[in-house]
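Colleague: Got a structure for you, written out below as structure tokens; questions coming shortly.
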Amino acid sequence: MGDDTLRQSVHDRFVAVNGDHPMTAEDDAYVRAHFVPASVEALELMLADRLPLPSYVLGDGTPMVPADHGRPAEIAGGIDRLHDWFVAFWEGDPETGEQEWVAYLSGQYVCLREVLPMRIKHKAERIAEAAAAVDLLRRDPHDPVARGMLGEAVDGVLGVPGLDSMLRPMTAYDRLRFGGPTSREQWVDAPRAEFLTPTPPTWPLRTERLVLRPYEPADADAFAVGWASEEWTSLLLSRPMNRAEVGEMVRRRTELGDGLFISLAVATQDGTVVGDSMLHLQGTGLSEGEIGWTVLPGFGGHGYATEAARAVLRLGFEHFGLRRIVANLDARNDRSAALCERLGMRREVDRVADFWSKGTWTSSYEYALLREEWAAGA
Ligand SMILES: CC(C)(COP(=O)(O)OP(=O)(O)OC[C@H]1O[C@@H](n2cnc3c(N)ncnc32)[C@H](O)[C@@H]1OP(=O)(O)O)[C@@H](O)C(=O)NCCC(=O)NCCS
């Protein structure tokens, strides 16, 4: 078969599988950036049903395949072994294995960064997990098990890759051939927007004596006093800062960013700034928070840090639906440790000389509180 006839035959098979849809200039550019033209040899193997059809055909007719199109055959020990090696991943369920083989040969696994049987299985597992989690979260957005499932499905956990790392963005052409949103839009972007993106509460938070609110540029004056002090900052991660640096720190903190790092100025009812509080949302399914605090020099010993931290714990557990909140501190910071204990937090980790801070290897503690422990004590 001449090269042109070969290309035409592959093109016809491609259209029979995918339908005839336009590729936009943007689609072409995406495909050129992420895929490579198929070799003549690969085209012959496609027509013999031994290698997957092209992932895309460009507007000018060039058949495009993943850069590692031939790699599975190499791993299998040769093209003749590819089928058996592939379906063996569905040992015990040969029917699904054969169905996946047909899907693989169709070239339609364009959503995967790595078109390998392991990844095809992982994708199916993670999508099933995400679908089940979304169902549960629509009933209770704070369901801790569903948050774990969705976190694993979308972002992965240790040893389990998530859909975010597995799926390619794909193109407008894919929306047409598959008749809907891309896998990534459906299983990464949509659940992330609905359940893994924090919604800020109504500020400020108010307690008996305090107001916790987003930073304002003018707060730099109050914070400059503490942050200039070598002694006051000695057990913090940051070094002492001059007025300009504090101004810059405060300016950055006024930017709310992605909403994962919540940093609040703490003031008394008359507006005097006495310290700050922070909550960093993190962990699988955004179900964990790290809390932090300072009280500025001259305002310690009044219970302000305790009162502010209680409001932040409430915010974390009740508003953000966190499952667990932790505090990490320098083990020499007795006042901070005492504060954790006052809050009912449990010392879970006692690390010895684990981090380098200001010229010395420093020990640290991690304290933690689960939502149910907090609810029992609240
Ligand atoms: C860690 C830090 C926030 C603790 O401050 P603190 O003043 O000890 O904590 P609080 O504001 O909750 O005050 C508690 C103290 O006020 C007393 N108090 C007075 N009225 C109180 C009230 N209404 N409620 C609770 N405690 C009250 C408590 O008895 C306690 O005093 P004590 O330790 O002598 O028993 C503060 O030392 C600090 O900012 N240090 C520098 C920065 C820093 O290290 N940050 C933490 C990094 S992990």
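The values are calculated or read from the model by the stated rules, or taken from the named source; none is laboratory data. Owing to the predicted nature of the structure, the values given are computational and were not obtained by experimental measurement. For neighbour counting, all protein chains shown are included, and Cβ atoms are generated from backbone atoms with ideal geometry for every residue, glycine included. Each accessible area value is taken on the protein alone, full model and side chains, heavy atoms only, with ligands, DNA and RNA left out. Shrake-Rupley method; radii C 1.70, N 1.55, O 1.52, S 1.80 Å.
Colleague: Considering the zone a paramagnetic label at Ala128 would reach in this model (a point 7 Å from Cα along the Cα-to-Cβ line), which residues of the stretch 179-206 have amide N under 20 Å from it?
Modeller: 183-184, 186-188
Colleague: Enumerate the helices in the chain for which the Kyte-Doolittle hydropathy averages -0.5 or more and the C-alpha atoms extend at least 20 Å along the helix's axis, using complete DSSP H runs.
Modeller: Qualifying helices: 117-139.
Colleague: Here's another thing I want to ask about it. Ignoring ligands, DNA and RNA, what percent of the accessible area of the stretch 220-298 is carbon or sulfur (1.4 Å)?
Modeller: Roughly 54 percent of what the probe reaches on the stretch 220-298 is carbon or sulfur.
Colleague: Given 0.36 nm per residue, what is the gain on full extension from Lys121 to Arg139 after removing their alpha carbon distance, in nm?
Modeller: 3.7 nm
Colleague: Moving to a separate point now. Modelling each spin label as a point 7 Å along the Cα-to-Cβ direction, I'd like the Arg192/Ala228 distance in nm, to one decimal.
Modeller: So the two model labels end up 4.3 nm from each other.
Colleague: So how far apart, in nm, are the two label points at Glu26 and Val160 if each is 7 Å from Cα heading toward Cβ?
Modeller: In this crude label model, Glu26 to Val160 measures out at 3.4 nm.
Colleague: Now for a separate question. Can you give the longest run of the chain that contains no GluC sites (Glu not before Pro) sitting in a DSSP loop with at most 13 other Cβ atoms inside 10 Å?
Modeller: 256-378
Colleague: Compute the convex hull volume of the Cα atoms of the chain, divide it by the residue count, and report the result per residue in Å³ as a whole number.
Modeller: So the per-residue Cα hull volume is 199 Å³.
Colleague: Heavy atoms only, probe 1.4 Å: what % of the accessible area of the stretch 119-197 goes to carbon and sulfur, would you let me know?
Modeller: The nonpolar share, carbon plus sulfur, comes to 55 percent.
Colleague: Let me have the 222 nm mean residue ellipticity of the chain computed from DSSP H runs of 4+ only, each contributing -39500 (n - 2.57), with the sum over all residues rounded to the nearest 500.
Modeller: The helix contribution divided over the chain gives -12000 deg cm²/dmol.
Colleague: If you look at just the Cα atoms of the stretch 119-197, how large are its Rg and its Dmax in Å?
Modeller: My reading of the Cα-based Rg and Dmax gives 12.5, 37 Å.
Colleague: Same structure, new question: Around Asp164, under 13 Å between beta carbons, what's the net of Lys plus Arg minus Asp minus Glu among the other residues?
Modeller: Net charge in that neighbourhood comes out at +2.
Colleague: Test of understanding: what is the full-extension gain from Glu41 to Val17, defined as 0.36 nm times their sequence separation minus their Cα-Cα distance?
Modeller: 6.6 nm
Colleague: With a bin width of 10 angstrom, please list the P(r) values of the stretch 205-377 as percents of all Cα-Cα pairs, from the 0 bin to the one holding the largest distance.
Modeller: 10, 37, 40, 13, 0
Colleague: Which length gain, in nm to one decimal place, applies between Asp60 and Asp84 when the Cα-Cα distance is subtracted from 0.36 nm times their residue separation?
Modeller: So the chain would gain 5.1 nm between Asp60 and Asp84.
Colleague: May I ask you to derive the relative contact order of the stretch 244-365, considering only C-alpha pairs under 8 Å and at least 6 residues apart, and to give it as an integer percent?
Modeller: 16 percent.
Colleague: Given a Förster radius of 22 Å and the C-beta distance between Glu216 and Glu348 as r, what FRET efficiency does 1/(1 + (r/R0)^6) yield to the nearest 0.05?
Modeller: Efficiency for this residue pair is about 0.05.
Colleague: Continuing with the same structure: What relative contact order, as a whole-number percentage, does the chain give when Cα pairs under 8 Å and 6 or more residues apart are counted?
Modeller: Relative contact order, the chain: 10 percent.
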